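Novice: Below are the structure tokens for one structure; questions will follow.
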Amino acid sequence: MDQLDLHDIESKCIQECVPTCVAACPLHVDVRSLCKELSQGNFESGYALLKKSLPFPAIVAHICEQPCRKVCLRDQAIAIVDLEKACVQFGSGAEEKAAAPVIKRKQRVAIVGGGLCGLTAAFDLTRKRYTIALYEAGSVLGGRVRSCSESILPRSVMENEINAFLKQGIELHLNSPVSARMEGGQITLDQLRRENDAVFIATGASGNFDAAVAGLGSIDAATRATAVNGVFASLEVVGKANEMSSILAMSEGRIAATSIDRFVQRVSLTASRSNEGPYESCLYTNTQGITPNAVTTKKSATYSKEEAIREAGRCIQCECMECVKACEYLNSYGGYPKKYARSIYNNLSIVMGTRGANKLINSCSLCGQCAEICPNDFDMSLLCKSARETMVKQGHMPPSAHDFALRDMEFSNSEAFALTRKQPGKSESQYVFFPGCQLSASAPEQVEQVYAYLRSQLPSVGLMLRCCGAMADWAGQKELFQQALDDFKVEYQKLGTPTVILACSSCYQVFKENLPELKIKSLWQVMDENGLPEGTAKRSLTLSIHDPCSTRYETQIQDSVRHLANQLGVKVEELPLNREKTSCCSYGGDMWLSNREVSNKVIDKRISESKNDYLTYCAMCRDFFANHGKPSLHLLDLIFAQDVSARAARRGPGYSDRHENRARLKRKLMKELWSETMPEEKSYASIHLTFSDEVEKQLEDRLILVEDIQQVLEYAQKTGKRFKQPQSGHFLAHYKPTRVTYWVEYLPKGEGYEVFKAYSHRMELGEETKA
């Protein structure tokens, strides 16, 4: 990922776009932050926000036309002018520290016109330390706002703010009209050009300055530069706009001031000039579910403090955050995708040092829900997956992040489980059933039942047991993933390239996206087309359906599942986010391995969305939900189970049991269907172990398999390398069969061993000591 890639990615996240009210305001008053401060009673902070955007906050609070209200997303727009008046009334009383003497720049700018447009330009340029010469044809400053009635804009308010500004030290020339090229004692434009570094004409549409005579020509709509070098003008002066509102006139002055500063500094006038003046916000805010709330009534002409606080509290604080609201992973890191993209970019750019975003990168489930919810299709899964692949390529992927999943895949594609066979008695295969590794681990008996069903419904159905390679894909291990696909293709070719019937939605996506030449079909479509097994019982149940995230865009699969449930007598209720917006169970992307805390939050949030028992058609979704106490059924439970209540409550098998279930399934099918026997088991497999329930839970939490412990004890037996702990008398042994070193505390017991504790780490050990 380079800087251009990063900018393209970041631009899709609109969370940092300003709210509609701020974009519509020509001077971009931060209405959202203003309301937040006032709702908490912070009037001084609110006033400081006004002063940050407005040169004359008290004047604006009385005359502003409130373009922000026209685009406010509240059911009744926020009374922003009344809140601005409250800011001025209750927040401007604090004594301000006397400003330190300002050293003026040597550059001078002449401003022609003392209305709000010219005054705003003068205000902004004064803050940049320019020497300002202000020329006003009349005897007072303020321009057309002086025509406002006393009830709208009290004279004292206007005079106080203008006089306070004049104390900053500008050269004021009242009764000083500027002519285009006329002589006779009047100040001319040519004279101002000679005496100043830049000139701004802000006399307004009704001013007496003759733009045509002055030769100003066309005016640049972005910069307000005229055809005369160094001379800038308001759009009104050259007839490009009718008489502007007061707030728009002030915006004209601000835009011109920016251009003048750039002109004098000899930098580009046009670079990065977006979003000046009013514009359309790119921020999306979902207002669904927001309770209507009427504008706060004033008991007098202006809000009291309490009324202002109440009115400011009506602001819904517009933001997007739609993906963050839906996804516990995005919510857990305290930011939003644009920030995360920057963190990931920085993480990948580090040559030496701590890579603090590793966990962020590895915790994403890669489910793509964010892209479906985001108005701009921002997809964190693509970003995180690409980052994982880069980390693997750079040698910076922490082994702990995906090691257990990769070992599980290795087991599933080893002789212990992998199997490719044609249907008994058949010489060819028109179909092949591919149940996937996790259904085989969770409910091996259902794999047998489904295979029997398919053989009864379809001609010549072969069987393939193995893993599709999804774990390697999720881990960013492109070469390992490709090897898994290549190995699959070799076995698939042996069957004569039949149609693959898939029970696992992750397998479905892997094959669909990476082997487009493959003929694939979901098991649920097959069952929907061919009918349920004969004698299938009706279930009078109401269940909330959870669509696996890998079926997000597989409408035909989702429809088939619902049709089958209906045939089974089940009333299906939809969860708030389902089908294309469905949530992940945290199995995808190895989230459950990389970040157990976030994984638990993801599961708990999902299972809290309905009081009903859940129905799904993914083995891992079912097991994860059930393991967190949510009664959940796999669709195959409804079809084949006798006692669905017991089936819904059963916990998913432990990690060691999942391996054993796969191996046992293969042995059973080989013996019963093909009259074959498995190769001899590994030598360590015969070692008998006993341990308490507490130790068993410890092993599950630490992702330590029974076979890991068996290998440690076999190694200790063969080498004698073990420690005897003096206090407990227990033996302590270690072994590193792969990238992980396992430690086991044990004692011989009968014909086997009792295990008291086990743990693992990834340190390299020095010289070992014999007991």
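Novice: What is the Cα radius of gyration of the range 663-765 over 2.2 N^0.38 Å, N being its residue count?
Specialist: 1.23
Novice: Here is a follow-up. Give me the percent of accessible area attributable to carbon and sulfur for the chain, probe 1.4 angstrom.
Specialist: The computed percentage sits at 48.
Novice: A further question follows. Can you order the peptides 563-574, 596-607 by their average number of other Cβ atoms within 10 Å per residue, highest first?
Specialist: In descending order of packing, they fall as 596-607, 563-574.
Novice: Suppose the chain between Val102 and Lys393 were pulled fully straight at 0.36 nm per residue; how much longer would it get relative to their current alpha carbon spacing?
Specialist: Fully extending the segment from Val102 to Lys393 adds 99.2 nm.
Novice: Please list Val267, Val432 from largest to smallest accessible area, probe radius 1.4 Å, with all protein chains kept in place.
Specialist: Val267, Val432
Novice: With n ≥ 4 as the cut-off for DSSP H runs, can you work out [θ] at 222 nm for the chain, using -39500 (n - 2.57) per run divided by the number of residues, rounded to the nearest 500?
Specialist: My calculation for the chain gives -12500 deg cm²/dmol from helical runs alone.
Novice: Got a number for the accessible area of Trp524? Probe 1.4 Å, square angstrom, nearest 10.
Specialist: The accessible area of Trp524 comes to roughly 10 Å².
Novice: Hey, with R₀ at 56 Å, roughly what FRET efficiency would Gln265 and Ser149 work out to, going by the Cβ-Cβ distance, to 0.05?
Specialist: It comes to 0.85.
Novice: Diagonalise the Cα gyration tensor of the range 1-107 and give the resulting equivalent ellipsoid semi-axes, square root of 5 times each eigenvalue, largest first, whole Å.
Specialist: Ellipsoid semi-axes (Å, largest first): 29, 23, 14.
Novice: Using a basic spin-label model with each label point 7 Å from the Cα along Cα→Cβ, how many nm lie between Lys359 and Arg181?
Specialist: Each label point is offset 7 Å from its Cα along the Cβ direction, giving 7.3 nm.
Novice: Between Arg651 and Lys749, what is the spin-label point distance in nm, taking each point 7 Å from the Cα along the Cα→C-beta axis?
Specialist: 1.8 nm
Novice: Can I ask one more? What percent do you get for the relative contact order of the range 6-54 when only Cα pairs under 8 Å and 6+ apart count?
Specialist: 31 percent
Novice: Could you work out the equivalent-ellipsoid semi-axes for the range 521-680, taking the square root of 5 times each eigenvalue of the Cα gyration tensor, largest first, in whole Å?
Specialist: 26, 22, 15
Novice: Sort Phe90, Phe488, Phe123 by accessible area with a 1.4 Å probe, largest first.
Specialist: The most accessible residue leads, giving Phe90, Phe123, Phe488.
Novice: Treating the Cα atoms of the range 285-331 as identical point scatterers in vacuum, please give the log10 of the normalised Debye intensity I(q)/I(0) at q = 0.23, 0.26, 0.33 Å⁻¹, two decimals.
Specialist: Normalising to I(0) and taking log10 leaves -0.85, -0.96, -1.18.
Novice: Report the normalised scattering of the range 589-706 as log10 I(q)/I(0) at q = 0.14, 0.16 Å⁻¹, calculated by the Debye formula with identical scatterers on the alpha carbons.
Specialist: The calculated log intensity ratios at q = 0.14, 0.16 Å⁻¹ are -0.80, -0.98.
Novice: Ok, one more. Using a Förster radius of 56 Å, what is the FRET efficiency between His688 and Glu580 based on their Cβ-Cβ separation? Nearest 0.05, please.
Specialist: It comes to 0.65.
Novice: In whole Å, what is the distance between the alpha-carbon centres of the range 449-467 and the range 293-338?
Specialist: 57 Å
Novice: Can you check how the C-alpha radius of gyration of the range 33-161 compares to 2.2 N^0.38 Å, as a plain ratio?
Specialist: 1.19
Novice: Nearest 10 degrees, 0 to 90: what angle lies between the long axis of helix 478-494 and the longest principal axis of the chain (Cα atoms)?
Specialist: 40 degrees
Novice: Here's another thing I want to ask about it. How big is the Cα convex hull of the range 151-199 in projection, averaged over all directions, in nm²?
Specialist: Result: 5.3 nm².
Novice: Suppose accessible area is computed on protein heavy atoms with a 1.4 Å probe; arrange Lys325, Lys167 from highest to lowest.
Specialist: Lys167, Lys325
Novice: Here's something else I'd like to know. Take the Cα radius of gyration of the range 109-179 and divide it by 2.2 N^0.38 Å, with N its residue count; two decimals is plenty.
Specialist: 1.08
Novice: Same structure again: Can you give the angle from 0 to 90° between the axis of helix 555-567 and the longest principal axis of the chain, with both taken from C-alpha atoms, to the nearest 10?
Specialist: 60 degrees
Novice: Counting only DSSP beta bridges with both residues in the range 521-639, tell me the antiparallel percent, nearest 5.
Specialist: 0 percent
Novice: Using only the alpha carbons of the range 381-445, what is the convex hull's orientation-averaged projected area in square nanometres?
Specialist: If you wrap the Cα atoms of the range 381-445 in a convex hull and average its projections, you get 7.3 nm².
Novice: Another question about this same structure. Using only protein heavy atoms and a 1.4 Å probe, report how much of Arg155 is accessible, in Å² to the nearest 10.
Specialist: For Arg155, solvent-accessible area is about 80 Å².
Novice: Please compute one quarter of the surface area of the Cα convex hull for the range 548-632 and express it in square nanometres.
Specialist: 5.4 nm²
Novice: To continue, here is another question. What's the long-distance tail for the chain, i.e. % of Cα pairs beyond 51 Å?
Specialist: 39 percent
Novice: Note down the accessible area of His546, probe 1.4 Å, to the nearest 10 Å².
Specialist: Here the accessible area works out near 0 Å².
Novice: Which value in Å is the Kirkwood Rh of the range 356-496 over different Cα pairs?
Specialist: Computed over Cα pairs of the range 356-496, the Kirkwood hydrodynamic radius comes out at 17.1 Å.
Novice: Here's a follow-up. Sequence gap at least 6, Cα distance under 8 Å: using those rules, report the relative contact order of the range 655-763 to the nearest whole percent.
Specialist: 25 percent
Novice: Which pairs break 21 Å Cα to Cα here: Lys36/Lys128; Lys70/Lys338; Lys325/Lys601; Lys478/Lys601; Lys422/Lys666?
Specialist: In this structure, Lys36/Lys128; Lys70/Lys338; Lys478/Lys601 lie more than 21 Å apart at Cα.
Novice: Can you give the relative contact order of the chain as a percent, counting alpha carbon pairs under 8 Å and 6+ residues apart?
Specialist: Reported relative contact order: 10 percent.
Novice: In nm, to one decimal, how far is the Thr677 label point from the Ala294 one, both placed 7 Å along Cα→Cβ?
Specialist: Spacing of the two 7 Å Cα→Cβ label points: 8.8 nm.
Novice: State in Å² the accessible area per residue of the chain; use a 1.4 Å probe, count heavy atoms of protein chains only, and round to the nearest integer.
Specialist: Value returned for the chain: 45 Å² of accessible area per residue.
Novice: What's the FRET efficiency of Asp190 with Glu280 using the Cβ-Cβ distance as r and R₀ = 60 Å, to the nearest 0.05?
Specialist: Calculated transfer efficiency: 0.90.
Novice: Between the alpha-carbon centers of the range 126-160 and the range 273-288, tell me the distance in whole angstrom.
Specialist: Each part reduced to its Cα centre gives a spacing of 31 Å.
Novice: Shifting gears a bit: Where both partners of a DSSP beta bridge lie in the chain, what percent of those bridges are antiparallel, to the nearest 5?
Specialist: 35 percent
Novice: Right, something else. If you average the alpha carbon positions of the range 610-657 and of the range 67-82, how far apart do those two centres end up, in angstrom?
Specialist: When both Cα centres are located, 50 Å separates them.
The values are calculated or read from the model by the stated rules, or taken from the named source; none is laboratory data. Note that this is a predicted model, so its numbers are computed, not measured. Glycine also receives a Cβ, built like all others from the backbone with ideal geometry; neighbour counts cover every protein chain displayed. Accessible surface is based on the protein model in full, side chains and every heavy atom, while ligands, DNA and RNA are left aside. Shrake-Rupley method; radii C 1.70, N 1.55, O 1.52, S 1.80 Å.
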